[in-house]
Amino acid sequence: MSLSQRRWLGVPLERMEAWQLAFATMPLAEDLMAPCPVCGLTSLHRYYDAPLSPHESQQHIEAARPGGLWEWCSRCLAYEHSTALAPAAWRSRLPVDHSQLTAEPEALENARRSAEAAGMRSRGRSGS
Ligand SMILES: [Zn+2]
């Protein structure tokens, strides 16, 4: 239950090229080291939601598979949602509640923050 939903906004058209470039340079990164083309802060994230085929497991994924893709900035709440091919090498430890997924990355940001709070993702610097 979230009483106050975040106010997500689509990536402005004039920033779209830089946005796509930032994500394209790090195709497997869940958390990007590149600054956000919209607000300039380093807080870009991506997530693929792509079901495994029956003979695949998290440990053994053979090929790219179609699914949903979210790209978002936790600071300025710019986001993009599309369908895409999840790379075979894509992995995520994010504890996502799949029933809560919508076009907006609200559920993903919630999962990211709770994982961060639980100390599951200790890499990188925390705080500001
Ligand atoms: Zn931003």
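What follows is calculated from the coordinates using simple rules that are stated; it is not laboratory data. Bear in mind that the values here come from a model prediction, so they are computed numbers and not experimental data.
Sequentially through the stretch 25-39, phi angles give Karplus couplings (6.51, -1.76, 1.60; θ = phi - 60°) of 6, 10, x, 10, 6, 7, 10, 8, 8, 7, x, 5, x, 8, 10 Hz, Gly and Pro residues having no value and appearing as x. Taken one residue at a time, the phi angles of the stretch 45-62 give Karplus couplings (6.51, -1.76, 1.60, θ = phi - 60°) of 9, 9, 8, 9, 10, 10, x, 7, 6, x, 8, 9, 9, 4, 7, 9, 10, 8 Hz. Gly and Pro are set to x.
Report, to the nearest 10°, how far helix 106-117 tilts away from the longest principal axis of the Cα atoms in the chain, using its own Cα long axis and a range of 0 to 90°. With rounding to tens, the tilt is 90 degrees. Phi angles across the stretch 83-94 convert, under the Karplus curve 6.51 cos²θ - 1.76 cosθ + 1.60 with θ = phi - 60°, into 3J(HN,Hα) values of 8, 7, 8, 6, x, 4, 8, 5, 9, 9, 9, 5 Hz, Gly and Pro given as x. Per-residue ellipticity at 222 nm from helix content only, as computed over the chain with -39500 (n - 2.57) for each DSSP H run of at least four residues, stands at -5000 deg cm²/dmol. Of all DSSP beta bridges in the chain, what percent run antiparallel (nearest 5)? Beta bridges within the chain, antiparallel portion: roughly 90 percent.
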